[in-house]
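What follows is calculated from the coordinates using simple rules that are stated; it is not laboratory data. All values derive from a computational prediction rather than experimental measurement. For neighbour counting, all protein chains shown are included, and Cβ atoms are generated from backbone atoms with ideal geometry for every residue, glycine included.
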Amino acid sequence: MTHRIAIASDHAAIELKTVLVEWLASQGHNVDDLGPHSSDSVDYPDYGYKLAEHIAEGEAVFGVALCGSGIGISMAVNRHRACRCALVSDNLSARLSREHNDANVIAMGARLIGVETAKDCLAAFLETPFGGGRHQHRVDKLTHPQSAKEHA
């Protein structure tokens, strides 16, 4: 199954982003490369917010967020209520982020993960459906934090 996927990074992950854009396209996906397009220093929150807006507006079904560690850009993406961004480092965490948490954005750290592992994570993420069922009400609380407060 092919998807429309948005991808963004900071300067530390520009090389990994370039490889993943090409790889995703070779897999038949439509890829929106939101930048940056050079290795000049940029701020990861700017690109995390840009990616989150792209997802929230329905411009892409899934997102890929990359920075040096993956931590900062995942925090930026998760500031948007429409996004459930999971920082992953292996196939299992990528798969579970979809199956249990219905993640719509995957984050990875370019300084911490190799290209082949990044591709493996991304493939698992895109191939795994949300399990629903017992997980649905928890995901609903991520989207609507107020309902979580009412049950705590």
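Here are a few things to note about the model shown:
- Degrees between helix 44-56 axis and first principal axis of the chain (Cα, 0 to 90, nearest 10): 60 degrees
- Mean Cα-pair separation over length for region 28-124, i.e. relative contact order, pairs under 8 Å, 6 or more apart, %: 27 percent
- Label-point separation in nm, Glu59 to Asp120, each point 7 Å along Cα→Cβ: 3.3 nm
- Rotationally averaged projected area of region 4-151 (alpha carbon convex hull; nm²): 8.2 nm²
- 12 Å beta-carbon shell around Thr128, net charge (K/R +1, D/E -1): -1
- Summing Cβ point charges (Lys, Arg +1; Asp, Glu -1) relative to the Cα centre of region 1-46 gives a dipole of roughly 260 debye.
- Prolate/oblate/rounded call for region 5-56, Cα gyration tensor, a/c under 1.5 rounded: oblate
- Principal-axis tilt of helix 115-127 within the chain, Cα atoms, nearest 10 degrees: 40 degrees
- Dipole magnitude of the chain, debye to nearest 20 (Cβ charges: Lys/Arg +1, Asp/Glu -1, about Cα centre): 600 debye
- Of Pro129, Ala118, Val77, farthest towards positive along the dipole that unit charges on Lys, Arg, Asp, Glu beta carbons give the chain: Pro129
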